[in-house]
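The values are calculated or read from the model by the stated rules, or taken from the named source; none is laboratory data. Predicted model only: the values in this text are computed from it and were never measured. For neighbour counting, all protein chains shown are included, and Cβ atoms are generated from backbone atoms with ideal geometry for every residue, glycine included. Note: accessible area is taken over every heavy atom of the protein model, side chains too, but ligands, DNA and RNA are not part of it. Shrake-Rupley method; radii C 1.70, N 1.55, O 1.52, S 1.80 Å.
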Amino acid sequence: MHDYQTFLHHKLIIIGAGASGLMAAVTARDLGIDTAILEGNDRIGKKIAMTGDGRCNITNDYTMTGTDDEVVALSRKYHSSQAEFPLPVLQQFGIRQTIDFFNMLGLPLTTLKEGLMYPMSLQAASVLDIFELALEERNVPVYLNNKVLDVTVSSDHPRFKITCRTETDEQVVYTSEYLFICTGGLTGQNAGTDGSGYVLAQNMGHAMVEPVPAIVQLKVQYPYMKALSGIKIQGRAHILVNGEVVRSETGEIHFADYGFSGPPILQLSRIAAVHLSRGDSVTLSIDLMPKRTKEEVIEFLEMSWGTFAHRPVAESFVGFLHKKLVPVLLKEARIDQEPNLLCQDLSWKTKGIFYKILKRWDFKVIDTHSFEKAQATAGGIVTKDILPDTLESKLVPGLYFAGEVMDVDGEFGGYNLQWAWSSGYAAAMALGKHIFK
Ligand SMILES: Cc1cc2nc3c(=O)[nH]c(=O)nc-3n(C[C@H](O)[C@H](O)[C@H](O)COP(=O)(O)OP(=O)(O)OC[C@H]3O[C@@H](n4cnc5c(N)ncnc54)[C@H](O)[C@@H]3O)c2cc1C
């Protein structure tokens, strides 16, 4: 990697050596564009190294059905204030192209459960190594430790003047004809994504949709969460906004002292975060027995309580429920002070409480964990000021956006990196077409 401290000019400068910036740099260079990257960190792709629990869930081939509408199905995995915004980008560069791209760089992928794709090595570090090689092979300068503080736009040439702060606190100025903002969202701030890209864009006239954490754990108000902490169940989670079910997800739900985590919760968390920020009432409802109907649960328990009528109630759940759930269930049913209460003496009212909790246990959601723990940012630069095919700013010609910095976020399972690859590629291709038209 290069580490210049001089005043330099490039045709294209990309701010951010994250997923979208790296993809844009390789693509632009392959088109013959003089390209350089400015990165605030001392190495490229610090965030990529954190992804997928250190394995980097690069994309997801679940929607790759081979049918005409597979890109439409992929686009449904994304959220934006302008719902249709991601489609043209995904049409240009979807999952197939991502697999081909990484093969072309020399990084084969493999699919684990539920379509989640990873580098075959199952190491996020391989993705960084492959990008380092690709940049070196293409002679793309990467100016590390160059935190962009300010951008000024001129109607003359060079169009962009970019002021950076280096690790020795010097200010260095770069100039370019074209500028890509690939600075990410607000998650993993120790990876360099501190929201400074939003400020750069705002200074050039772009507006923001207030960012909130997405793909994040939910905090609930419930007195016995500590007692439940550590439990993992295969359950179904429903998210309710002002009493209405908005979405449901099935899978491994993790109980924690603050609330809930696990894939279904992470998937639902965006809805919770957005509605909490609007002051709505948000409830998480857990079905502990998603494979049985309420009637089947009742039938099973009635039979068990009938057969083992002489056993204490607490014992009647052995082998049926996680052991740590039972004392809390007894508290909810207000029989925790009656350890000798037998199944044959259970009242209908108490039984009703058990039935309700097992199929629909409601928790008031009070917050999400912060951006520090989140995997994605919902919100960002308003997309209506960005051209959906090219990702060029409608306000500042020559300025492009790619990745999480825009008001687009994907679902859990590789879709956020997919957006970074797709948008980085689309922006670079659009610039190539513009320059060489
Ligand atoms: C813990 C964690 C795990 C994740 N796991 C997955 C996963 O497995 N699969 C998935 O699809 N998504 C995952 N994500 C989300 C995914 O990492 C991001 O959506 C993706 O990296 C966004 O790419 P980007 O290029 O927009 O931004 P980033 O990859 O965040 O890169 C932005 C870069 O810009 C640099 N930068 C920012 N501001 C400046 C500035 N002013 N000057 C210079 N440089 C600047 C930053 O240092 C950073 O290197 C995860 C996120 C986290 C936090």
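Under a 10 Å cutoff between Cα atoms, tell me which one of THR67, THR166, THR390 has the largest fluctuation in the Gaussian network model of the chain.
Result: THR67 has the largest fluctuation of those listed.
Rounded to the nearest 10 degrees, what's the angle between the helix 348-359 long axis and the longest principal axis of the chain, both from Cα atoms, 0 to 90?
It is inclined by approximately 20 degrees.
If you wrap the chain's Cα atoms in a convex hull and average its projection over all directions, what's the area in nm²?
Numbers: hull surface 93.7 nm².
Here the figure is 23.4 nm², rounded to one decimal.
Test of understanding: in a Gaussian network model of the chain with alpha carbons linked when under 10 Å, which of LYS219, LYS147, LYS294 would top the mean-square fluctuation ranking?
For the chain, modelled as a Gaussian network with Cα springs under 10 Å, the answer is LYS294.
Given an 8 Å cut-off on Cα distances and at least 6 residues of separation, report the relative contact order of the chain as a percent.
Numbers: 959 pairs, mean separation 102.4, N = 437.
Computed value for the chain: 23 percent relative contact order.
If Lys and Arg each add +1 and Asp and Glu each add -1, what is the summed charge of the other residues whose beta carbon sits under 12 Å from the beta carbon of PHE85? Each step should come with its number before you reach the end.
Details: positive: LYS384; negative: GLU84, ASP385, ASP389, ASP407, ASP409.
Net charge in that neighbourhood comes out at -4.
If you count, for each residue, the other Cβ atoms within 10 Å and average over each peptide, how do 404-414, 357-367, 168-178 line up from highest to lowest? Don't skip to the answer; put the middle values down first.
Numbers: 404-414: 26.5, 357-367: 18.0, 168-178: 16.0.
Per-residue mean Cβ counts within 10 Å order the peptides as 404-414, 357-367, 168-178.
Counting each DSSP H run of 4 or more residues in the chain as -39500 (n - 2.57), what helix-only mean residue ellipticity at 222 nm follows after dividing by all residues, to the nearest 500 deg cm²/dmol? Walk me through the intermediate numbers first.
Numbers: 13 runs with 137 residues, N = 437.
After summing the helix terms and dividing by residue count, I get -9500 deg cm²/dmol.
Compute the long axis of helix 415-435 from its Cα atoms, compare it with the longest principal axis of the Cα atoms of the chain, and write down the angle in degrees, 0 to 90, nearest 10.
With both axes taken from Cα atoms, the answer is about 20 degrees.
If you add up the charges near TYR178, with Lys and Arg at +1 and Asp and Glu at -1, over every other residue whose beta carbon is less than 12 angstrom from its beta carbon, what do you get? Could the numbers behind the result be given before it?
On the way: positive: LYS11, ARG159; negative: ASP34, GLU177, GLU392.
Every neighbour counted, the sum reads -1.
First compute the accessible area of segment 86-209 with a 1.4 Å probe, then give the percent of it belonging to carbon and sulfur atoms.
Numbers: 2530 of 5350 Å².
C and S fraction of accessible area: 47 percent.
Want the number for SER121 to SER281: 0.36 nm per residue separation, take away the alpha-carbon distance, what's left?
Numbers: separation 160, 0.36 × 160 = 57.60 nm, distance 4.39 nm.
My answer for the length gained is 53.2 nm.
Can you pull out the GluC sites (Glu not before Pro) in segment 14-89 whose DSSP state is coil and whose Cβ has at most 16 other Cβ atoms within 10 Å? Kindly include the intermediate steps, with their values, before the conclusion.
On the way: sites: GLU39, GLU70, GLU84; in loops: GLU39, GLU84.
Qualifying residues, ordered by number: GLU84.
Under a point spin-label approximation (7 Å from Cα along Cα-to-Cβ), what is the LEU149-PHE300 distance to one decimal in nm?
About 6.3 nm separates the two model spin labels.
Under 1.5 on a/c is rounded, so check that first for segment 294-361, then, if it is not, pick prolate when a/b is larger than b/c and oblate when it is not; a ≥ b ≥ c are the square roots of the alpha carbon gyration tensor eigenvalues.
Values: a/c = 1.30, a/b = 1.05, b/c = 1.23.
Here segment 294-361 falls in the rounded category.
Would you kindly state how much longer the chain becomes between LEU87 and THR293 on full extension, computed as 0.36 nm times their sequence separation minus their alpha carbon distance, in nm to one decimal? Please list the in-between numbers first.
Values: separation 206, 0.36 × 206 = 74.16 nm, distance 3.82 nm.
Stretched out fully, the LEU87 to THR293 stretch lengthens by 70.3 nm.
Within a Cβ distance under 12 Å of SER154, other residues only, what is the Lys/Arg minus Asp/Glu net charge?
Numbers: positive: ARG159, LYS161; negative: ASP156, GLU177.
It works out to a net charge of 0.
Chymotrypsin sites (Phe, Trp or Tyr not before Pro), restricted to segment 1-69: which are DSSP loop and have at most 10 other Cβ atoms within 10 Å?
Numbers: sites: TYR4, PHE7, TYR62; in loops: TYR4, PHE7.
In loop regions of segment 1-69 (DSSP not H, G, I, E or B), the sparsely surrounded chymotrypsin sites (Phe, Trp or Tyr not before Pro) are PHE7.
Before I look further, what does the chain give for accessible area per residue, probe 1.4 Å, in whole square angstrom? Please report the intermediate quantities before stating the final value.
Values: 19120 Å² over 437 residues.
Accessible surface, normalised per residue, equals 44 Å².
Could you give the length gained on full extension between ASP336 and ASP100, defined as 0.36 nm per residue of separation minus the Cα-Cα distance, in nm?
Working: separation 236, 0.36 × 236 = 84.96 nm, distance 5.94 nm.
Between ASP336 and ASP100, full extension yields an extra 79.0 nm.
When the accessible area of segment 294-361 is split by element with a 1.4 Å probe, what percent falls to carbon and sulfur? Don't skip to the answer; put the middle values down first.
On the way: 2220 of 4040 Å².
That share works out to 55 percent.
Give the separation of the Cα centroids, segment 207-233 to segment 348-411, in Å.
13 Å
Would you calculate the separation in nanometres between label points at ILE353 and GLU315, each defined as 7 Å from the Cα along the Cα-to-beta-carbon direction?
Distance between label points: 2.2 nm.
In whole Å, how far is the Cα centre of segment 416-437 from that of segment 13-76?
So the separation of the two Cα centres works out to 10 Å.
Between LYS113 and LYS324, what FRET efficiency comes out of the Förster formula 1/(1 + (r/R0)^6) with R0 = 30 Å and r the beta carbon distance, rounded to 0.05?
Values: r = 26 Å, r/R0 = 0.87.
In this case the efficiency is close to 0.70.
What fraction of the DSSP beta bridges in the chain is antiparallel, stated in percent and rounded to the nearest 5?
Once the DSSP bridges in the chain are tallied, antiparallel ones form about 75 percent.
When the chain is treated as a GNM, springs tying every alpha-carbon pair under 10 Å, which of GLY262, GLY424, GLY380 comes out with the largest mean-square fluctuation?
GLY262
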